[in-house]
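Notes follow once the structure below has been shown.
Here, each number is a calculation from the coordinates, and none is a lab measurement. Everything numeric in this text was worked out from a predicted model, so none of it was measured. No Cβ is skipped: glycine too gets one built from the backbone with ideal geometry, and neighbour counts run over all protein chains shown.
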Amino acid sequence: MTLGQQELDDVVQEVFAKLAKLSKLTTILPPEHPQNYAYICRIANNLVINQKRHISVRHRYLEQERSSAGGDDAQQSQSPEDQLATREELRHVQQALLNMKPTWRHAFYLNRYKQMTYTEVAQNMGVTVKQVEKFIKQALIVVRRAMEKARRTEQ
């Protein structure tokens, strides 16, 4: 797996950015010192290795997605029984969310679906972070119990 010109340009840019952060490099070693060149080569080598790893992980992920999807829709790979069990579990979770305390549900929604931190949720709801932690903990307990109930009913 080789890097294209664009990836190499990115590596050079990253090396430059890393060197720009190191203002002490020229005071420790003179610019013409051989260790500076070795250091720059080591930075570039590490960046190339990281880039190759990233590309490899991305390719493996895409291959996994293709093989698990089995076509246009991921549900095609599930048996009808699995699809029914998934729908039943989803129905139980939806019902649990509707039945839980509104403060728990709101904190859970802001944290899990709006990607807000606990601090942001606390500010949004006008409560302390500790209260948000308790709300989300209780919401997660309710959701977990609903999922367990769905699994027990399918057996």
Check: Residue by residue through segment 95-101, which ³J(HN,Hα) values in whole Hz follow from phi under the Karplus form 6.51 cos²θ - 1.76 cosθ + 1.60 (θ = phi - 60°), with glycine and proline marked x?
Finding: 5, 5, 5, 5, 8, 6, 4
Item checked: In Å, descending, principal axis extents of the Cα set of segment 78-154 -> 44, 19, 15
Next item on the list: Could you go through segment 80-87 in sequence order and give the Karplus-derived ³J(HN,Hα) for each residue, using 6.51 cos²θ - 1.76 cosθ + 1.60 with θ = phi - 60°, rounded to whole Hz, and x for Gly and Pro?
Entry: x, 5, 5, 4, 5, 5, 5, 5
Checklist line | Over 29 Å between alpha carbons, listed pairs Lys18/Lys52; Lys18/Lys114; Lys114/Lys149; Lys21/Lys52; Lys21/Lys130 | finding: Lys18/Lys114; Lys21/Lys130
Checklist line | Two-site FRET efficiency, Glu32 against Lys52, from Cβ-Cβ distance with R₀ of 30 Å, rounded to 0.05 | finding: 0.45
Margin query: Through the Karplus equation 6.51 cos²θ - 1.76 cosθ + 1.60, θ set to phi - 60°, convert the phi angles of segment 127-142 into ³J(HN,Hα) values in whole Hz; use x for Gly and Pro.
Written below: 10, 7, 4, 4, 5, 4, 4, 5, 4, 5, 4, 5, 5, 5, 4, 4
